[in-house]
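For reference, the structure is listed below as structure tokens.
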Amino acid sequence: MRILILSDIHANLEALDACLAAAPEYDAVYNLGDIVGYGANPNETTQRSRELGSVFVRGNHDKVCSGVSTLEGFNPIAALAVIWTQEQLTSEHLHFLHGMPRGPLTPIENLEIVHGSPRDEDEYLLYPRDAFSILARTAAPLIFFGHTHVQGGYWIDDARENEGVIQPQYSGAGNGKVQLDLKREAKYLINPGSVGQPRDGDPRAAFALYDTEQNSVTFYRVPYDIETAQQKIFDAGLPERLAIRLAEGR
Ligand code: ZN
């Protein structure tokens, strides 16, 4: 089975469509949450996400925008985007976002999906020591996570007591892909990157494909029409910073 892994779409329709156009053939889509928030097309990205598949975990923006949780902990720019998003969402999409399940989920054997981390759906896995301590305890050999908007991940090799950070290296600025062959004797935490608001310094939209037969994860980066996504943010009256950062990939 070939599984398309999407995370942190953040209402960026241009980025989502570019990813879907560039994606190889797949059998299923796993969505790691934050379908909305920040960008100007929350209804459209929710609609597309619902059409694409049935396996979701909720993100913190999905929760706040649909009223599952409060704005506590959101910075002023993110909070303004939440309030704007709440005004835009149709009741049907609000209902869908409200019902998204909490991670971790185990959609297939030996694989977990989460938004933040397996121990806390809202935790940012930014530091290797946190990731390695989770990997040391987990039974699942492969966990996909999002939330940080940084493509890559972490691995540990129990038998040899090795560990490492995964940072895909791309050559060139166009469509890029980097394949990672998974080792049977290792455990992995893997972030496909953010479709709609990358923060790893590469403004291209990010996603990943997991091939269960090959036991490989392929990371992708895709250029998209950033200017249109930015213009929509300006036109909507959303904070300008949300547009500017798309071009910076930060
Ligand atoms: Zn996010």
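See the values below:
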quantity	calculated
Members of the range 199-223 that are in contact with a Gly (Cβ under 9 Å, 6 or more places away or on another chain) and either aromatic (Phe, Trp, Tyr) or part of a strand (DSSP E or B) (or both)	Ala205, Ala206, Phe207, Ala208, Val217, Phe219, Tyr220, Arg221, Val222
Every residue from the range 4-18 that is more than 15 Å from the ligand (Cβ to nearest atom) and of a type in the set (A, V, I, L, M, F, W, C)	Leu4, Leu13, Ala18
Residues of the range 129-154 satisfying the condition of being part of a helix (DSSP H, G or I) and either within 14 Å of the ligand (Cβ to nearest atom) or surrounded by fewer than 20 Cβ atoms within 10 Å (Cβ to Cβ) (or both)	Arg129, Asp130, Phe132, Ser133, Ala136, Arg137
Where a residue in the range 3-29 is of a type in the set (D, E, K, R) and its partner, wherever it lies, is buried (at least 22 other Cβ atoms within 10 Å of the Cβ) and not in a helix (DSSP H, G or I), with Cβ under 6 Å and at least six apart	Asp8/Asp34; Asp8/Gly146; Asp8/His149; Asp8/Ser194; Glu14/Tyr224
Condition met for Glu51 (on the phi < 0 side of the Ramachandran plot and modelled with pLDDT under 95)	no
Single condition Ser194 does not satisfy, out of (1) surrounded by fewer than 20 Cβ atoms within 10 Å (Cβ to Cβ); (2) assigned to a loop (DSSP other than H, G, I, E, B); (3) modelled with pLDDT of 95 or more	(1)
Residue within the range 25-42 that is more than 16 Å from the ligand (Cβ to nearest atom), closer than 30 Å to Gly174 by Cβ, of a type in the set (D, E, K, R) and out of contact with any Cys (no Cβ under 8 Å at 6 or more places or on another chain) present	yes
Of all residues making up the range 165-203, the number that are farther than 21 Å from Val114 by Cα, in contact with a Phe, Trp or Tyr (Cβ under 7 Å, 6 or more places away or on another chain) and either within 16 Å of the ligand (Cβ to nearest atom) or not aliphatic (A, V, I, L, M) (or both)	2
Hits in the range 210-250 (condition: over 21 Å from the mean Cα position of the chain (by Cα) and of a type in the set (A, V, I, L, M, F, W, C))	Phe234, Ala236, Leu238
Some residue of the range 151-166 being in contact (Cβ under 8 Å) with a residue 60 or more places away in the chain, within 27 Å of Met1 (Cα to Cα) and not hydroxyl-bearing (Ser, Thr, Tyr)	yes
Those residues of the range 69-119 which are closer than 30 Å to Leu142 by Cβ, free of Cβ contacts under 8 Å to residues at least 24 places away in the same chain and either surrounded by 13 or more Cβ atoms within 10 Å (Cβ to Cβ) or aliphatic (A, V, I, L, M) (or both), in sequence order	Ser69, Arg119
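Each row is one residue, and each column tells you yes or no for (1) hydrophobic (A, V, I, L, M, F, W, C); (2) in a loop (DSSP other than H, G, I, E, B).
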| residue | (1), (2) |
| --- | --- |
| Ile35 | yes, yes |
| Gly39 | no, yes |
| Gly67 | no, yes |
| Gly73 | no, yes |
| Val82 | yes, no |
| His95 | no, no |
| Pro101 | no, yes |
| Glu112 | no, no |
| Leu126 | yes, yes |
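The values are calculated or read from the model by the stated rules, or taken from the named source; none is laboratory data. Just so you know, these numbers come straight off a predicted model, no measurement behind them. We place every Cβ from the backbone using ideal geometry, glycine too, and count neighbours over all the protein chains shown.
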